[in-house]
Amino acid sequence: MQQHFSLADCDVVGFDLDHTLCRYHLPQSARLIYDSFAQYLVTEKGYDEDLLILAPDSLDFCCKGLAFDIEEGNFLKLAEDGTVLRASHGTKSMTFEEILEIYGRREWKHFNTVSGMVSRTAKYYLYDNYFDLPGALLCARVVDSLDQHDGEKKYDFWKDMVAAIQHNYKITAFKEDCGTYFPEVKNHPDKYLQRCPESVKKWLKQLKNAGKILLLITSSHSDYCRLLCEYVLGNDFEEYFDILITNALKPGFFSHTPNQRPFRTLENDEEQEALLSLDKPGWYSQGNAIQLYDLLKKMTSKLDPKVVYFGDSMHSDIFPARHYSNWETVFILEELLGDKATVPAKAESEPLEKKGKYEGDELKVPYFVSEQWGSFFMDRLPGLENAEETLVHTWSCKCISTYSTIAIPSLEAIADLPLDYRFTRFSSNSSATAGYYPSPPRALLPNEDSVTMK
């Protein structure tokens, strides 16, 4: 495979919506998501009312890449070989000795499953995006609460958590003003959503003018998608895209066959009958990458059109697009902003790009380096019996270089570049820092002592 990647070589450019084209004010949206789930657990399922109170620095617990061992009530940060680097029981960090006693110095028992398919199962859940992360904090606090009141050893609350998620995000919730999440975003979009920078809008038009086909593929339902797009891109947002696919139910969109997941047309945001094939550009719901690719062949008059897809979730976007469809993938990773500096939990200083946006907000931006979990990219593995500790890549970091073509902090970071700009891509024979644009995370640079590994 060639060492460089250029958008000029792509025929089709696809985008996820949430946290990709549409960026959120993270402290505010994290608080809203947390409250949405907590309200449901307390009012509908009888959980402790203390869950509704959130301390200002508690979002520090939220760190992408954590695996939740559902039966044990433990959160795990994994090394690239599957050994446990850090862990917490509920919100309480485990000591190295406790980790050794429970998990040993060997790969976590579910690692083969999770690493093979970047998957989730009934036994564990992978937290890898900002819609999920506040739920990790809530689950950890539920474990704390159950321990305090019931002395639990095995945990049976996950079904209630799933019910809370379904209640707030179900397909009819937006229309029915149901749950806490959608009504609040509808009423106060400016509090939660960031408008798309002019540079990005200009870049999208530039891509289209260069003859690229533009796709929007989101798991959000069409009514929420429309609200987001109108707010962040403007009322003419449909002009940016050739094909808009909502309720895509990723990662299934990439892994399912046409029979399992047919495309459906939309009428007044209601899904209509299943389509046997996809014949023309437009708005669609559900669907699958196989039939989409057939349409792209027709539209480009090419047997093998080259597709690149931008997304923020390894589980839903990056892994499946690469693994099942062999698309190029650009990983949107806001941690590239936060990992540039060690920032105390109650920080007021922020990357220049963010200045002024969260002033007066008590909650910490989730992409800053977590005091509890350390760097998203690297960590220290303590040595056994007086041996020296070693620096290792996290499993999350390994996934990035394995399944992404490049990783960037935001679309804004590349919007001013010429379309034929040649990015150095991730590859097995390049350095650990190749593939990150505009610069690699500090944690991956040699002799970097200042990165937060505590």
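Once the 1.4 Å probe is applied to the protein heavy atoms, the stretch 26-188 comes out at 41 Å² accessible per residue. With contributions of -39500 (n - 2.57) from each DSSP H run of at least four residues, the per-residue ellipticity at 222 nm computed over the chain stands at -8500 deg cm²/dmol. From most to least packed by mean Cβ count within 10 Å, the peptides 60-66, 218-224 give 60-66, 218-224.
Taking Cα pairs under 8 Å and at least six residues apart, what relative contact order does the chain come out at, in percent?
On the way: 818 pairs, mean separation 101.5, N = 454.
Relative contact order of the chain: 22 percent.
The peptide list 154-162, 318-326, put in order of mean Cβ contacts within 10 Å with the highest first, becomes 318-326, 154-162. The fraction of accessible area contributed by carbon and sulfur in the stretch 26-188 is 50 percent, rounded to a whole number (1.4 Å probe; ligands and nucleic acids excluded).
Shown for the chain are the DSSP H helices of 20 Å or more along their axis, judged by Cα atoms, with a mean Kyte-Doolittle hydropathy of at least -1.0: 26-45, 133-150.
P(r) tail for the stretch 40-97, what percent of Cα pairs lie past 20 Å? Looking at the stretch 40-97, the distances longer than 20 Å represent 40 percent of pairs.
Would you mind computing the Rg to Rh ratio of the stretch 168-295 from its alpha-carbon coordinates, Kirkwood style for Rh? Present the calculation step by step, with values, prior to reporting the outcome.
On the way: Rg = 15.3 Å, Rh = 15.7 Å.
Radius of gyration relative to Kirkwood radius: 0.98.
The packing ranking, built from the mean of other Cβ atoms within 10 Å per residue, places the peptides 249-260, 278-289 in the order 278-289, 249-260, highest first. The relative contact order of the stretch 21-158, computed from alpha carbon pairs under 8 Å that lie at least 6 residues apart in sequence, is 31 percent. Is the shape of the stretch 26-188 best called rounded, prolate or oblate, per the rule: a/c under 1.5 gives rounded, else a/b larger than b/c gives prolate, else oblate, with a ≥ b ≥ c the square roots of the Cα gyration tensor eigenvalues? Because a/c hits 1.5 or more and a/b exceeds b/c, the stretch 26-188 counts as prolate. If you wrap the tightest convex hull around every Cα atom of the chain and split its volume per residue, you get 147 Å³. Please compare each pair in LYS45/LYS170; LYS250/LYS302; LYS92/LYS175 to a cut-off of 28 Å on the Cα-Cα distance and tell me which ones are over it. Violating the 28 Å Cα-Cα cut-off are LYS92/LYS175. The separation of the stretch 141-217 from the stretch 272-327, counted between C-alpha centres, amounts to 23 Å.
The values are calculated or read from the model by the stated rules, or taken from the named source; none is laboratory data. From a predicted model like this one, the values you see are computed outputs, not experimental measurements. Neighbour counts run over all protein chains shown; Cβ positions are idealised from the backbone, glycine included. Please note that ligands, DNA and RNA were not included when accessible areas were found on the heavy atoms of the full protein model with its side chains. Shrake-Rupley method; radii C 1.70, N 1.55, O 1.52, S 1.80 Å.
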